[in-house]
Structures are given as C-alpha cells and as structure tokens.
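**Q** What follows is a single structure, and I will ask about it in a moment.
The values are calculated or read from the model by the stated rules, or taken from the named source; none is laboratory data. Values in this document were obtained by computation on a predicted structure and should not be read as measured data. FYI the Cβ positions are ideal-geometry reconstructions off the backbone, even for glycines, and counts take in every protein chain you see.
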Number of protein chains: 2
Amino acid sequence: MSQQAAELFDNFQELTPSEFFRKNKQMLGFSGKIRSLTMVFHELITNSFDASEEAGILPEIKIDLQKIDKDHYLLRHTDNGPGIPEDFIMKVYCTMFAGSKFRNIQSRGQQGLGCSGCVLLSQMTTGEPAKVISSYEEGDELKGIKLKFKMDVKKNKGLLMEKEEFTPDRTGVSVELQFKDVSYSLAEQGAFEYIRRTMVGNPHAKIIFRDPTGHKYIFKRAADVVPVLPKEVLPHPKGVTADDLIFMAKHTDKRRFKSLLTSNLSRMSNKKITEIQERTKIDLNKRPKDMKWEEAEAIVDAFNKMDFMAPPTSGLIPIGSEQIEGGMKEILKPEFIATTTRKPVAYRGGVAFIIEAGIAYGGDSGRLVGEERKSEIMRFANRVPLTFDQGSCAITEALKSIDWRRYGLRNLENTPATIFVNIISTQVPYLSTGKQSVAPEPEILHEVRQATMKVARKLQKHLRAKKAAKEEAMRSKIFEDYVPIILQEAANLAETGVPEYKEVLAKVTRRALAELLGENPDHAEKEVEEEFEEVESRIPSSEGLFEEDDEEINGNE
Amino acid sequence: MSQQAAELFDNFQELTPSEFFRKNKQMLGFSGKIRSLTMVFHELITNSFDASEEAGILPEIKIDLQKIDKDHYLLRHTDNGPGIPEDFIMKVYCTMFAGSKFRNIQSRGQQGLGCSGCVLLSQMTTGEPAKVISSYEEGDELKGIKLKFKMDVKKNKGLLMEKEEFTPDRTGVSVELQFKDVSYSLAEQGAFEYIRRTMVGNPHAKIIFRDPTGHKYIFKRAADVVPVLPKEVLPHPKGVTADDLIFMAKHTDKRRFKSLLTSNLSRMSNKKITEIQERTKIDLNKRPKDMKWEEAEAIVDAFNKMDFMAPPTSGLIPIGSEQIEGGMKEILKPEFIATTTRKPVAYRGGVAFIIEAGIAYGGDSGRLVGEERKSEIMRFANRVPLTFDQGSCAITEALKSIDWRRYGLRNLENTPATIFVNIISTQVPYLSTGKQSVAPEPEILHEVRQATMKVARKLQKHLRAKKAAKEEAMRSKIFEDYVPIILQEAANLAETGVPEYKEVLAKVTRRALAELLGENPDHAEKEVEEEFEEVESRIPSSEGLFEEDDEEINGNE
C-alpha cells in the first residue's frame, strides 16, 4: 500500500537562514557552554576590529561580562569604530547571510553570520531582545541611535521594539546581549584566553575587560599604528574556475569578453588578452552574456597554461615581525623572543598568502600546568586566534612535522615556550564552518615549517649562548673558589721550586668543571656547533626583504 | 583620517543560501575529490531511501557512473520511489533550505540541502544543467515528466530549460548530473565502500551499481520487508527549551496554553497540566500568543522537576538484530556473527535513541590491507554510513574505551573483524554540518559500550569454542598418531605382565599435547573460564525484551 507523492509533499516548506541555523546552531560553532561564549567573544571582537581598521581608527574595545545566575550572563561590548548607520543596524544583527564582507579582501570575518549568530543564540537561550547603541558620522553631524529589537526567525530580519535618538560625542557601537547555557572559563578554549591571544595577534588594539568577578584587565597597546588597510584585490587568473567566469559574465556591465577579463582579474594585460585569443580561438569581442560554459572552460584552461606574474600582494598586510614581537612581549614578558614574516607566495596556483611566526621563551611563555610551564601553540588566521579543531589544522600538522631536537628542544612539550603562527590571506582555506582550522595545502605546510624553523634556530642560538654564559659564570665561580687552594698549592710547591702556575690552574679547573657538569663542556660545545654548521651550509643565501627557504635536513640523530 | 560609516556600507548585500554555499561548499562536505563524490552518492541514496520507505516501497536503486575524462564523471541515479510531483521538482533540486523533512521524525536526511547541494556542485564544476525524470501517481493516473534545468544561484531557485511529458509504467525518480574535480575511489572513504556499507545498514534495499570500468555490481536484498515507517513523535517535555515553547506559541492555532502543551508535547496528560499549573502558578487558560519568556522558562523549569514517562519510542524503528545479521552475512560472509539491539533510552533528558551493534569475524570481515585482514569499524546514524570525521565521533570514542583483551582480542587492530554500530534517533546530535560524527553524549557512549561488549562477549565464546574444537581435533589426531606406538609399547610390556593401558595412553597424550601447544591446555582453559565467570557474576540479571546493562569491569590484567 504505497502513498502518493503529493501526500508526501504536504509538509514541504522553505526555511529562512535564521530558521535553519536555529535548528543547527552547532554549525555556527555554538556547541558546549565554554565554546559558545568564546564564539560570541570571537564574533563581536572580530567585527569591531574590522570596522575600526577599515575606518582608519586604532581599535579600543570595552567588554563587560556580568554573571546574572548560574550559566546566565549579561555581555556589554563597546567599540570605538565608525558606527553603523541606522538603516543597517538590524540587518547586521538580525539578517543571516547579510554583510559587507563578501569581497576578495583580507578581513577577519567573511560569512555574514557573526553578529546575527550571537543575537540568535541570545534569543534562543534567554528570549531577551538585543540592545544596540550606534553612533556615527553623517555628513558633518554625529548621529546617535539606541535600538531594542528581536530577531524574527521566520522572516530572517529584525523586529523593532524600541528606538531612541541621542547626540553622541564620539562614534562607535555598543551591544548588550544576554546568554544562558554558556560558561565563562579560564581554560585554554575559554573566553579569557581568547582575549589574551587576540592581543598577541593585534598589538595595535586595546581591550579593557571586566570579568564576572568584577576584576578589570587592561590589555594595553604594544604598537600605536593602525595596520595598513588591506586593499581589495582582483582574483588572480590561476585562482578562478569556469563557474567564477560565468558568474562574472552574468553580473557584469562590461560589453565584451576582453573588458570583462581585464576588469575582473588581476595581472590581465592586453598582451595576455592577445595570448588568450590565440590559445582559445574564441572571439573575445563577444558580449559577456553570451559566454558559454565551454568557452569559460577553454579560457580557464588557457590561464593554467600561461605564465602570469604572481598574485598582487598589496591586498595582504601582515602583522609584521616587529609588531608581533611587541605583542608577544607585552603579553608574555619572555626572556627571549624571535619573530619572522615570510614573503608572499600562493597556494592552489593563485591565492596569495603570507606566513608569520614567532617563538617566545621563558617569562610567562607557555601554559601553566600545575606549577610547571609547558609549551603552547597559538594559531592565527588574519590575526584571529583559532582556538578549536587544532587536530586537523595545517599549522598544527606543520609544527608536528618539525624535528625539534634539531633546535635544541629535546622535549618541546615541557619547554616554557609559546609558538605563534599567523596566516594572512584574502581567502584562508578554512576546513570547517566555525573557521577554526586551516586546510593542509602543501604550500601552507611548507611556509609554516620554514617560518617556524627560522625562529626556532634563533631560539637555539639563544639557548646555546645562555648555556655558554652559565658555564662561563660557573668557571668564574670555580676560579674564585679554587684560587685560595691554588695559592696554597703554589706556596707549598714554592719550597721545592717555582710552581707551574698555569698547569696547576688548568688542571684543577678542568677537573672541577667536569665534575660539576657531569660532562666535558668543551667537547659538547664542539659537537653541537658542527651539527649546526652542517645545516647552515645547505641553506640558500638570503636575498631581498623576505626570508628565504631554509629547509630542514632530515638526517639521522 | 577616518572613513564615514555610510561609505563602509556601500557594499552591503544579502546572499541567498545558494550563493552562500557556492562560496562555502566545504560546509556541505564537498572538500577533496574523493570525499566530494562520496557525498554526492550519500545525498542521492539517502533521499531515495527516505522517499521509498515513506511510500511503503522496498527501495531499489540503479546507479551508473561513467567516466567522461580525468576527474570528469556522468552520474545517473534512478530509484523506484513514489516520484516527485512536477511543482516540487525544481524546489527539491534547486532551492536550498527547502524540504519536507523538518519534522521530529527519524529520517536519514534532515537539512534540505542534500539534492540541491549535488546540483550546485555539478553546476559549479561543469556548468551542465541537471536532468530529472519523475514518474508519480496523481489520482488514478501515472504521470511522467522530464525536466532539464539549471540553478539560479542569485535567486536560490531553478531555471527551467526543457520540459517534456510522457506516460510512465511505474513511479520513481531518475537524476542525471555531471561532475568535474571529483574522483571515484575504492578507498575506505570512496564511493564504492559507501555503497557497501549502505547495504550492511539497509538489508531491505537493493542496489545495482555500474562502476566507471563498466563492471556491474548487484547488491541483493537480504531481507524482504519494508522497515516499519517511523512515526512523527511529539517532542518530550524534558527535551524542549523556552525558545521552543515560544516558537510553538507563536505558530499555533490553539487558543490556550494548556491545549498548546497537550497538542505539541508527548506525555502531557491533564494530570500533568494540573501539576504544571500548581508548580508555576501560571494561568494556563491564557492565549498562546501572550506567552512571555519568563512563563516559558517557568514551564520548562517545572518540566525538569517533574516526572514524565520516558519519551515515546514508536518514532524509533531500529534495523533489528536479525536484519543486521542478514545484511552483514550478505556482504561479509563471516565465519561468526553476533548482533544486538538495545532498548530505547534518552540523552539530554528527553531525546530518545537506540543503539544497535554487530560484530562479524572471518570471511570477508575487516578491511584488506595488503594480504592481511585488519579490523574495521562501520559507524551508522539512522542506517546511514558515517565515513568521515571518525576521530571525534562518540562511536569511535566508546569503542576505543573498551578493554578488548577482556574479550579475547589481544590485538584488535589485526583481527579480521567488522564492528557495526548504528544509532537510531529522531534527533541524532551531529557534531558538524556534514553529519559525519555523533556528539559524545554520556548516555550514547554508555549504550555503544554496552551493545558492543555484548556482541564481543559472544565472539569471545565463539573463539573459545573454536579453540577448544581445534584442541579436540588435535587430540584426536595425536591419538591416531600414537595408537601404533601405544600398541607397540603394550606388546613389549605384555611380555613382562598385563599393560597399564590407560596410564600409558594418558601419559603419552598429555606430553604430546603439551609439546604441540607449547602450554598446558587444561590449565589455560581453566584460567580463562574463571576470569570469565567473575565478570559474568557481576552482571545484573536480564529481564524483558531488550538487553540489560552489562558494564565492563575494569580489573587488572
């Protein structure tokens, strides 16, 4: 007895993005009490940073987290950005898939789900409306607006409840949201650690955070320069697909294939257009609307056979070695630090990226486990800390593949060190929705290894120098301790003849050192040096502004 | 020099779900060539199964995969389901977030993204339109329609290109799609293995698959019964949130709180309504539209303090021990098999689920690595194979936590065994978008352990019996070999007196056995038996239809 198709489609319905994510909030990273709150911090901080920087303002954020009840919090997040014009406020906070970030630009957020996701979670767990205060310039005037609204999930838009105008004295946005079923934690994946890492990756920012106990943390700026604003760059020919070309052709106002190509892609000179014409035999004077799939494929095929200049890197603004150093010093107060910024390269043929790395040793570096400090890895993408899904991330994978013993760290796990890695790109190849791990593209793995080995080698030099200094100090100490004995010996010997002063001294010192160090220090030093030189000798010479490749040699230990 | 807010919002736009996923196809599980094709198989098979079963039809699917070029395939997928009425065809295949499956019902698909995701991938990689032939009953008539269409990504709907009516002789849907940048593979995560596992979890189905080499595989039905159709069940009071209640109140046609509760929740008798009234002091005669958040919270709070009958389990239809056994036998031809279906329990207080497990040993069980067969784990959720993200899955975690040595498997990895685990629920708590791993809820971990230990114990008995039989056979063999010697001995002895026949026999046999087995078999047997009895003695007695708990004892080995 089978049912007719029509009956089965009685219930057919279409969900709005908000309805969909209401049923699938784990897809927004909201799973677990600690992670959910960290994701909220992430989305709000990220958004404020992007807005401030885009407007050329040094970001300053105030976060106030109050505990109302068990697992129930009130969050106030205030920034000094350019503000949001009245018409866009509810769109930003209540319409999913809406945003201004869908361009080919290096920015922290990309998906139009951040702020609206936070409002959805707040509403789902507390039923409370969102309160947003926005102050912004309009012409010569400063305008201020306070809104109270809910999200209409069935319509994927805001539902205004209260509105009030006021006259502000500066620009910025303040959001007030309540959450239940979340939890504030000092754990590695908690909100506090998220802020700490954010400050390492964003030394130009200032964050004032009042925690639920009322304690106020002031994370100061380590650098007073707004990062250069990344420019929107046109996609590189080697990075586009036939589908991209068809999509461009459908939504362009250009009148010919060739003007479509030159205006939508980078590195596309008239000479290149001629070459495409020759290779594909397609009439590039045709109208974009008439572009057939086969033609798009033929053009992409030609792209892949042609030589182009590397992708423009004006769109990529790294944090910079000095700034990373400043940020890590401010937060970690380390005994030693080394940082590096690699030159831009591309993955998948046409997507440019830059890897930056740093290593801090001693001080507050590493994470405190009981009384001991162990090593920690801080992963970043476009300056945003990645706190989840580390297992599958390219950064973790690359670091694991390094033979740390080669860099004098026989037991990395138990070393008080913080390893910092940041990937900068207009298109970070995230592995999952939550944007918490980077796909292990071969070029990315290579760059992370190179950058990290570079700073690890500097740490090795420091540790070796430290050991040498310690030995030197020990020698002096021994010398002081033994001088009286030596003098005594000398005096004793003086009765039978002139003492061989040098010989006695050398003998005593050498014996004492060997005893204290449990080894022959001169010999050990020599061995390490030789190994090191062997590695260095295979490194290609360094040229230009950026670090050159410095591949690890996988010899036998 | 700061920019004004309005300028920054120049680019503000709203994406459709299709546009969003076009930019984020990895969120649909489309990442990597092999995985992408497996996901396509998954979505199409899943959809066909759900449709056929809902209509009370035994599913039969024909899949034809042709290789057109390197990484370029043509896929034809045909089912014998009830068909899709003309008006819904393009909605099913081109509108994301649209579907008939957003109910509280046990079904394989749940998100309205499956078929439209496949069309999107096809279009993105080949630019080719989709072809769908649907045959369905309308009244007493059989109607047939052939459509050719593309997806209008900007509008999130279909764009018709060709349409043709015809008169079919049976119902069903046939889809034809082309894909590039995908790859057919025999690897564990490839499309072929996906079909094989699907057949283990769905012994009532039949799949005929022609692979790209032209080889035709016929996976026969191991059971001829359409699974009982799961019923839609009302959510259990312990499983709803305040937000759920508000949502129900907003979209109900009921006139009072109390009728809203009784009609939308299970286990909600008049007596329970009175109890809620007493506990919350809320007037339950009020209109649902007037429900305040505080009231919804108070009601949910009362739910959590009240006693309710366990969630109804009529909505949960397990595969069943016998059917699993049939499916595993058909595919694995094992030497031994044990299966079990646990009784329904709930996680998070109100979501019912059932765990089923099976273990097959020998024959084609396990996966072939070189010449050897190693153990393999087949994870399923509502009969659907889970092929990715195994690391974080509750099933993997539970299996890892079992001390397999207790079950006579000192080296599980190198055992030719297939371990099958299926979770049945109206709401499987998936960890990620791709629905490839199950959240490690404590109750789920517990149930997976219990079910698996149950079948593992049966395997242990089998292996022990096998070993005993082998020893018995060896004894007979030894006996035969030694009879002539014994007779000779007897004859020799006969000259001096009557031989102690029994004594000689026993002595020779015992020595020979010990030599051959390298141990004292009687003693070893006794040890195992004692350990086993100790475990068994702590197991609670079994009652009722379903398996009782059988917690593993973590003693010292």
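**Q** Could you please find all residues in region A:395-411 being in a loop (DSSP other than H, G, I, E, B) and either buried (at least 17 other Cβ atoms within 10 Å of the Cβ) or in the same structural domain as A:Glu43 (by TED's automatic domain parsing) (or both)?
**A** Of the residues in region A:395-411, the ones in a loop (DSSP other than H, G, I, E, B) are A:401-403, A:408-411.
Within region A:395-411, A:Ile402, A:Gly408, A:Leu409 qualify.
**Q** In addition: Whether any residue in region A:128-138 is more than 27 Å from A:Arg379 (Cα to Cα), among the hydrophobic types (A, V, I, L, M, F, W, C) and at pLDDT below 95 is what I want to check.
**A** No, region A:128-138 contains no residue that is more than 27 Å from A:Arg379 (Cα to Cα), among the hydrophobic types (A, V, I, L, M, F, W, C) and at pLDDT below 95.
**Q** Considering only region B:38-61, I want to know if a residue exists there that is touching a Ser or Thr at 6+ places or on another chain (Cβ under 9 Å), on the phi > 0 side of the Ramachandran plot, away from chain A (no Cβ under 11 Å) and not in a helix (DSSP H, G or I).
**A** no
**Q** Among the residues of region A:261-268, is there at least one that is farther than 21 Å from A:Thr426 by Cβ and not hydroxyl-bearing (Ser, Thr, Tyr)?
**A** Within region A:261-268, none of the residues are farther than 21 Å from A:Thr426 by Cβ and not hydroxyl-bearing (Ser, Thr, Tyr).
**Q** Have a look at B:Lys150, B:Lys131, B:Lys157, B:Lys143 and point out the one that is within 12 Å of another protein chain (Cβ to nearest Cβ), of a type outside the set (S, T, N, Q), within 22 Å of A:Glu294 (Cβ to Cβ) and surrounded by fewer than 23 Cβ atoms within 10 Å (Cβ to Cβ).
**A** Values: B:Lys131 fails: within 12 Å of another protein chain (Cβ to nearest Cβ); B:Lys157 fails: within 22 Å of A:Glu294 (Cβ to Cβ); B:Lys143 fails: within 22 Å of A:Glu294 (Cβ to Cβ).
When all the criteria are applied, what remains is B:Lys150.
**Q** With respect to B:Arg255, determine if the residue is surrounded by fewer than 19 Cβ atoms within 10 Å (Cβ to Cβ) and part of a helix (DSSP H, G or I).
**A** So B:Arg255 fails the test.
**Q** Would you check which residues across region A:87-103 are over 23 Å from the mean Cα position of the chain (by Cα), facing chain B (nearest Cβ under 10 Å) and crowded, with 19+ Cβ neighbours inside 10 Å and list them? Let's see the steps before the verdict.
**A** Taking region A:87-103 and keeping what is over 23 Å from the mean Cα position of the chain (by Cα), we get A:87-98.
Next, only the ones that are facing chain B (nearest Cβ under 10 Å) stay: A:87-88, A:91-92, A:95-98.
Listed by number, the residues that qualify are A:Phe88, A:Lys91, A:Val92, A:Thr95, A:Met96, A:Phe97, A:Ala98.
**Q** Regarding region B:75-82, can at least one residue be identified that is at the interface with chain A (Cβ under 9 Å from one of its Cβ atoms) and not in a strand (DSSP E or B)?
**A** Quick first cut of region B:75-82, residues at the interface with chain A (Cβ under 9 Å from one of its Cβ atoms) only: B:81-82.
Filter once more, keeping what is not in a strand (DSSP E or B): B:81-82.
So far as region B:75-82 goes, yes, one or more of its residues are at the interface with chain A (Cβ under 9 Å from one of its Cβ atoms) and not in a strand (DSSP E or B).
**Q** Now, a different point. Check off (1) buried (at least 24 other Cβ atoms within 10 Å of the Cβ); (2) modelled with pLDDT of 95 or more for A:Leu386 and give me the number that stays unchecked.
**A** (2)
**Q** Right, something else. Any residue in region A:14-31 that's within 7 Å of another protein chain (Cβ to nearest Cβ): show its pairings with residues that are not in a loop (DSSP other than H, G, I, E, B) at Cβ separation under 7 Å, as long as the two are six or more apart or on different chains.
**A** A:Glu14/B:Ala98; A:Pro17/B:Pro17; A:Met27/A:Phe21
**Q** Output the number of residues of region B:280-337 satisfying the condition of being at pLDDT below 90, among the aliphatic types (A, V, I, L, M) and within 28 Å of B:Lys250 (Cβ to Cβ).
**A** Total satisfying the criteria: 1.
**Q** Starting from region A:359-380, take each residue that is free of Cβ contacts under 8 Å to residues at least 12 places away in the same chain and list its partners that are buried (at least 23 other Cβ atoms within 10 Å of the Cβ), counting only C-beta distances under 8 angstrom and pairs at least six apart or across chains.
**A** none
**Q** Moving to a separate point now. For B:Gln189, are the conditions met, namely being touching a helix residue (DSSP H, G or I) at 6+ places or on another chain (Cβ under 8 Å), modelled with pLDDT of 90 or more and not hydroxyl-bearing (Ser, Thr, Tyr)?
**A** It is false that B:Gln189 is touching a helix residue (DSSP H, G or I) at 6+ places or on another chain (Cβ under 8 Å), modelled with pLDDT of 90 or more and not hydroxyl-bearing (Ser, Thr, Tyr).
**Q** So, one more: Which condition breaks for A:Leu245 when tested against (1) surrounded by fewer than 21 Cβ atoms within 10 Å (Cβ to Cβ); (2) part of a helix (DSSP H, G or I); (3) of a type outside the set (D, E, K, R)?
**A** Only one criterion in (1) surrounded by fewer than 21 Cβ atoms within 10 Å (Cβ to Cβ); (2) part of a helix (DSSP H, G or I); (3) of a type outside the set (D, E, K, R) is unmet by A:Leu245, namely (1).
**Q** Can you tell me which residues in region B:187-226 are in a loop (DSSP other than H, G, I, E, B) and surrounded by 21 or more Cβ atoms within 10 Å (Cβ to Cβ)?
**A** Across region B:187-226, the qualifying residues are B:Asn202, B:Pro203, B:His204, B:Ala205, B:Ala222.
**Q** State whether the residues of region B:6-23 include one that is among the small types (Gly, Ala, Ser), surrounded by fewer than 18 Cβ atoms within 10 Å (Cβ to Cβ) and on the phi > 0 side of the Ramachandran plot.
**A** Looking for residues that are among the small types (Gly, Ala, Ser), surrounded by fewer than 18 Cβ atoms within 10 Å (Cβ to Cβ) and on the phi > 0 side of the Ramachandran plot, one finds none in region B:6-23, hence no.
**Q** Select, from B:Lys238, B:Lys271, the only residue that is crowded, with 19+ Cβ neighbours inside 10 Å, assigned to a helix (DSSP H, G or I), more than 14 Å from chain A (Cβ to nearest Cβ) and of a type in the set (Lys, Arg).
**A** On the way: B:Lys271 fails: crowded, with 19+ Cβ neighbours inside 10 Å.
Unique residue meeting the criteria: B:Lys238.
**Q** Evaluate the following for B:Ile84: is it of a type in the set (Val, Ile, Thr), surrounded by fewer than 21 Cβ atoms within 10 Å (Cβ to Cβ) and at pLDDT 90 or above?
**A** no
**Q** Okay, moving on. Please verify whether region B:5-12 includes one or more residues that are more than 23 Å from B:Val119 (Cβ to Cβ), part of a helix (DSSP H, G or I), out of contact with any Cys (no Cβ under 6 Å at 6 or more places or on another chain) and of a type in the set (D, E, K, R).
**A** For region B:5-12, residues more than 23 Å from B:Val119 (Cβ to Cβ), part of a helix (DSSP H, G or I), out of contact with any Cys (no Cβ under 6 Å at 6 or more places or on another chain) and of a type in the set (D, E, K, R): present.
**Q** To continue, here is another question. Return yes when A:Tyr184 is touching a strand residue (DSSP E or B) at 6+ places or on another chain (Cβ under 7 Å), more than 14 Å from every other protein chain (Cβ to nearest Cβ), assigned to a loop (DSSP other than H, G, I, E, B) and crowded, with 16+ Cβ neighbours inside 10 Å and no when it is not.
**A** yes
**Q** Mind counting the residues in region B:44-71 that are crowded, with 16+ Cβ neighbours inside 10 Å and more than 20 Å from the chain's Cα centre (by Cα)?
**A** Going through region B:44-71 one residue at a time, the tally reaches 6.
**Q** Take the residues in region B:160-181 that are away from every other protein chain (no Cβ under 12 Å) and under 23 Å from B:Leu37 (Cβ atoms); name whichever of them is surrounded by the most Cβ atoms within 10 Å (Cβ to Cβ).
**A** Looking at the filtered set, the residue picked out is B:Phe179.
**Q** Another question, if that's okay. Hey, B:Ala417 hits all of (1) out of contact with any Lys or Arg (no Cβ under 6 Å at 6 or more places or on another chain); (2) closer than 30 Å to A:Gly32 by Cα; (3) at pLDDT 75 or above but one; which does it fall short on?
**A** Exception for B:Ala417: condition (2).
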